[in-house]
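**Student:** The structure that follows is given in the form of structure tokens.
The values are calculated or read from the model by the stated rules, or taken from the named source; none is laboratory data. Keep in mind that what you see is a predicted model, and the values were worked out from it rather than measured. When we count neighbours, we look across all protein chains shown, and the Cβ atoms used for this are built from the backbone with ideal geometry, even at glycine. These accessible areas exclude ligands, DNA and RNA; they are computed on the full protein's heavy atoms, side chains included. Shrake-Rupley method; radii C 1.70, N 1.55, O 1.52, S 1.80 Å.
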Amino acid sequence: MSELGFLIDASIWRWDCENEFCVKKSKNNATAGTSLETCKLVCGQYGTLWPVPTGDVFIGSAVVNVISQNFVFETNAVTDASRVLIEEMVDIFRGYLVSMEAYGGIEPTPSNSMIVVKIDCSQDDIRITYNTDESYELRITQELGEVVRVSITAPTAFGVRHALETLSQLAAWDDLAGSVVLVNEVFVSDRPFYRHRGLMVDTSRNFIQLGDLYRTVDGMSYNKLNTLHLHLTDAHSFPFDSPSVPQMAVYGAYSERKKYTVTDLKALNEYANTRGIRIVPELDGPAHSAYGWQWGPDYGLGDLALCVNRLNRTNVCIGPPCGIQNPVNENTYGVLELLFSDLKEAFSPDVFHLGADEVKFGCWNITEEIVDWLEDQGRGREEVDFYYLWGYYQNRTLEKVDTVYGNIPVIVWTSSLTEENFVENVITPERYIVQIWTESSEPSIASLYNKGYDLIFSNSDNWYLDCGYGSWVGDGNNWCSPYKGWQLLYDNDPLEILANQGILNPDPQRIWGGEAAMWTEQTDGGTLDGKLWPRGSAIAERLWSNPPGKWRTAEKRLVHMREVLCLRGIGADPVQPHWCHQNEGVCYYE
């Protein structure tokens, strides 16, 4: 009863699906008269699915009331280990259902519907790798009576995980029903377009707490991303607490509370694997190496890094702070091997990232130890001689990678080393994958492809998430401004970039995919979620589906996906007023 004496109906609004949009109407004028949540589940070709499936999709027009305790799972797996992994994935799905019921805030309306989920998994993969088959088929049918049958078929547990993620997006809390509802007739056939679908998070410039990394993994799993690239170290700090070389964190971590142990990272890696995500560690070098590397003289190992903290940096190094590894000190490679070994214990990666960008030769050119070594090699102090030295470092470092990991692929960033005149003399396409961070118009992209290199895209004009803020050195805006909105990320198509450079039919096995890069000069756990999400969702659909349409076709689902992220505890930024979520298709400029 209002103060004016009128009875108030708290739910006067209903939604009808018209031309694939949910249209808001008063309940007296609505035809179907469903809740917004139910309308979104069944309206349009893809309902609320994110990312859109790549195969056949059928979503029915009706829902059934369900309660979490009425889900029964029957799993056929080829090994006990894969069965255990799938059971962990099922527990995560059950958690989604329970959280939906908790969101309702009331005791769910009782339901006699029994949801029988039959899972068939034909392979025994229990670790996700860059070659994992992530495909799946999902079918939902409602029988006469009270039984709803869900069939999930996938080669690997990771395809099963994706199917469960899709199943969770076919359910929602419905205020009108007073329970969770599930679409009762569905078929989805799905597999990812790209095998490498990731986010890069820099943990050196500002430390990222473990809880924030765990939450990032959660957000990635909701979007079917499969690679978390950790830029673990840089010149600013060395937060990896290496058991074999504890001096690195003693000299390099910001504090005792701002470092990661092997145990920390191993637990994070297991958590990620259960959610279909592999972690790729990056130990950057030879540049971007200062704090953590300066202890060599105190322990009789000589200078492991040069020009550390040098204030006059012009033409000497990237910074602040200044610092570059010493490639002619044999002890540098001994330290690297020990670090690689400890990182193997933490992650057991199937691919390793060596960084290898932004090397300036000025520091080497003013270091007597370097100049003397070059002279002993019959070299001078010209640019070509320093590329020879850089190549020597890369080859020696690769030897240490091979000693620890075997013959696994190695990733490097684009740099002057990957340009036309030098790349083939130092890094071979048989061993190295090149990660593009130059702008999408850079002609070296086509050149690298034509020379046989596999590529990962993170082109800074579209897939850098730190852009559009004030400069952290001086005034004005930061170097890669303006801000990259989700629309720009969504429309950034690696195949289109190659086509614009004359590569019309690239080998899909050589275009691994891409990553959105979150450099953290101005980011930590307090701002991480909002900068990653929902823009990370945009790149997720691009990399999973490679949809032919542009961002406008995805807008209503992206706005809804942001709501899902928030309901699951991710602090995703809003992209529109909530009014637009309730009034689909009308928030645009005329």
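**Student:** Once amide H atoms are built 1.01 Å from N in the peptide plane, which residues 5 or more positions from residue 477, or in another chain, come under 5 Å H to H?
**Tutor:** Here the answer is 471, since their amide H atoms fall under 5 Å of that of residue 477.
**Student:** Once R0 is set to 22 Å, what does the formula 1/(1 + (r/R0)^6) return for the Cβ-Cβ distance between residue 381 and residue 461, expressed as a FRET efficiency to the nearest 0.05? Write out the running numbers ahead of the final one.
**Tutor:** Working: r = 35 Å, r/R0 = 1.58.
Step by step, r from the Cβ atoms, then E = 0.05.
**Student:** Right, here's the next one. Could you give the nm distance between label points at residue 428 and residue 451, where each point is 7 Å from its Cα heading toward the beta carbon?
**Tutor:** 1.5 nm
**Student:** Can you tell me what share of the DSSP beta bridges in the stretch 224-379 is antiparallel? A percent to the nearest 5 is fine.
**Tutor:** 25 percent
**Student:** Here is a further query. Taking the solvent-accessible surface of protein heavy atoms with a 1.4 Å probe, what is the per residue accessible area of the chain in Å²? Mind dumping the intermediate values first?
**Tutor:** Details: 23490 Å² over 590 residues.
About 40 Å² of surface per residue is accessible.
**Student:** Relative to the present Cα-Cα distance, how much length would full extension add between residue 441 and residue 267 at 0.36 nm per residue of separation? Spell out each step's value before the answer.
**Tutor:** Working: separation 174, 0.36 × 174 = 62.64 nm, distance 4.00 nm.
Working it through step by step, the gained length comes to 58.6 nm.
**Student:** Next question. If I take R0 = 41 Å and measure r between the Cβ atoms of residue 553 and residue 309 in this structure, what FRET efficiency does the formula 1/(1 + (r/R0)^6) give, to the nearest 0.05?
**Tutor:** Values: r = 51 Å, r/R0 = 1.24.
Efficiency computed from Cβ-Cβ geometry: 0.20.
**Student:** So how much slack lies between residue 510 and residue 256, counting 0.36 nm per residue of separation and subtracting their Cα-Cα distance, in nm? Provide the component values of the computation, followed by the final result.
**Tutor:** Working: separation 254, 0.36 × 254 = 91.44 nm, distance 4.18 nm.
Full-extension gain reported as 87.3 nm.
**Student:** Please work out how much length the chain gains when fully extended from residue 103 to residue 331, using 0.36 nm per residue of separation minus the C-alpha to C-alpha distance, in nm with one decimal. List each step's numbers first, then the result.
**Tutor:** Values: separation 228, 0.36 × 228 = 82.08 nm, distance 5.69 nm.
Result: 76.4 nm gained on full extension.
**Student:** Further, regarding this structure: When only DSSP loop residues count, what chymotrypsin sites (Phe, Trp or Tyr not before Pro) in the stretch 1-109 have their Cβ near at most 14 other Cβ atoms within 10 Å? Mind showing how you got there, number by number?
**Tutor:** Working: sites: 6, 13, 15, 21, 46, 58, 71, 73, 93, 96, 103; in loops: 6, 46.
Within the stretch 1-109, the qualifying chymotrypsin sites (Phe, Trp or Tyr not before Pro) (loop, at most 14 other Cβ atoms within 10 Å) are 6.
**Student:** Of the peptides 483-496, 563-576, 233-246, how do they stack up when ordered by the mean number of other Cβ atoms within 10 Å, highest first?
**Tutor:** 233-246, 483-496, 563-576
**Student:** Just name one of 60, 558, 405: the one whose Cα is farthest towards the positive end of the charge dipole of the chain (beta-carbon charges, Lys/Arg +1, Asp/Glu -1).
**Tutor:** Checked the options; the winner is 60.
**Student:** Sticking with the crude label model, points 7 Å out along Cα→Cβ, report the distance from residue 91 to residue 127 in nm, one decimal please.
**Tutor:** Taking the simple label geometry, residue 91 and residue 127 are separated by 2.2 nm.
**Student:** Now a separate question. Computed FRET efficiency, Cβ-Cβ of residue 29 and residue 527, R0 60 Å: what is it to the nearest 0.05? Provide the component values of the computation, followed by the final result.
**Tutor:** On the way: r = 43 Å, r/R0 = 0.72.
Plugging the Cβ-Cβ distance into 1/(1 + (r/R0)^6) gives 0.85.
**Student:** Per residue of the stretch 356-366, in order, report the coupling 6.51 cos²θ - 1.76 cosθ + 1.60 (Karplus, θ = phi - 60°) as ³J(HN,Hα) in whole Hz, putting x for Gly and Pro.
**Tutor:** With the stated coefficients, the stretch 356-366 comes to 6, 10, 6, 8, 9, 8, x, 5, 4, 6, 9 Hz.
**Student:** Hey, of (i) 25.7; (ii) 32.7; (iii) 28.5, which did the structure itself give for Kirkwood radius over Cα pairs in Å when calculated?
**Tutor:** Derived directly from the coordinates: (i).
**Student:** Got a number for carbon plus sulfur as a percent of the chain's accessible area, 1.4 Å probe? The partial results should precede the final answer.
**Tutor:** Numbers: 11530 of 23490 Å².
Solvent-exposed carbon and sulfur of the chain make up 49 percent of the total.
**Student:** Return the loop-located GluC sites (Glu not before Pro) in the stretch 130-223 (DSSP other than H, G, I, E, B) with at most 15 other Cβ atoms within 10 Å of their own Cβ; answer none if there are none.
**Tutor:** Values: sites: 134, 137, 143, 146, 165, 185; in loops: 134, 143, 146, 185.
Hits after loop and neighbour filter: 143, 146.
**Student:** Now, a different point. In debye, nearest 20, what is the charge dipole magnitude of the chain about its Cα centre with +1 on Lys and Arg Cβ and -1 on Asp and Glu Cβ, if you could check?
**Tutor:** Numbers: 45 positive and 80 negative charges, 227 e Å.
Computed charge dipole of the chain: roughly 1080 debye.
**Student:** With charges only on Cβ, +1 for K and R and -1 for D and E, what is the dipole size of the stretch 442-570 about its Cα centre, in debye, rounded to 20?
**Tutor:** Numbers: 12 positive and 16 negative charges, 91 e Å.
Computed charge dipole of the stretch 442-570: roughly 440 debye.
**Student:** Could I ask something else about it? Got a sec? Charge dipole of the stretch 271-376, +1 on Cβ for Lys and Arg, -1 for Asp and Glu; which of 349, 316, 304 is way out at the positive end?
**Tutor:** Of the candidates, 349 comes out farthest on the positive side.
**Student:** Are there GluC sites (Glu not before Pro) in the stretch 230-304 that DSSP marks as loop and that have at most 10 other Cβ atoms within 10 Å, and which are they?
**Tutor:** Details: sites: 256, 270, 282; in loops: 256.
Hits after loop and neighbour filter: 256.
**Student:** Per residue, what volume in Å³ does the convex hull of the Cα atoms of the stretch 435-590 enclose?
**Tutor:** Values: hull volume 22.5 nm³, N = 156.
That works out to 144 Å³ per residue.
**Student:** Counting Lys +1, Arg +1, Asp -1, Glu -1, what net charge surrounds residue 34 among other residues with beta carbon under 14 Å of its beta carbon?
**Tutor:** On the way: positive: 14, 24, 25, 27, 40; negative: 16, 18, 37, 174, 175, 584.
With Lys, Arg at +1 and Asp, Glu at -1, the net is -1.
**Student:** Just to be sure I understand: of the beta bridges DSSP finds with both ends in the stretch 170-242, what percent are antiparallel, rounded to 5? Present the calculation step by step, with values, prior to reporting the outcome.
**Tutor:** Values: 4 of 9 bridges.
Among the beta bridges of the stretch 170-242, antiparallel pairing accounts for roughly 45 percent.
**Student:** Classify the stretch 326-446: rounded, prolate or oblate, from the alpha-carbon gyration tensor (a ≥ b ≥ c, eigenvalue square roots; a/c under 1.5 rounded; otherwise prolate if a/b is larger than b/c)? Could the numbers behind the result be given before it?
**Tutor:** Numbers: a/c = 2.11, a/b = 1.13, b/c = 1.87.
Taking the square roots of the gyration eigenvalues as a ≥ b ≥ c, the stretch 326-446 is oblate.
**Student:** Would you calculate, for the chain, the mean residue ellipticity at 222 nm contributed by helices, counting each DSSP H stretch of 4 or more residues as -39,500 (n - 2.57) and dividing by all residues, to the nearest 500?
**Tutor:** Values: 19 runs with 192 residues, N = 590.
Per the formula, -9500 deg cm²/dmol.
**Student:** If you don't mind, another one. Out of all DSSP beta bridges in the chain, what portion is antiparallel? Express it as a percent rounded to 5.
**Tutor:** If we restrict to bridges inside the chain, about 40 percent are antiparallel.
**Student:** Would you give the gap between the C-alpha center of the stretch 131-155 and the C-alpha center of the stretch 389-464, rounded to a whole Å?
**Tutor:** Answer, in whole Å: 41.
**Student:** Return the long-range amide H neighbours of residue 34 (sequence gap of 5 or more, or a different chain), with a cut-off of under 5 Å between placed amide H atoms.
**Tutor:** 15
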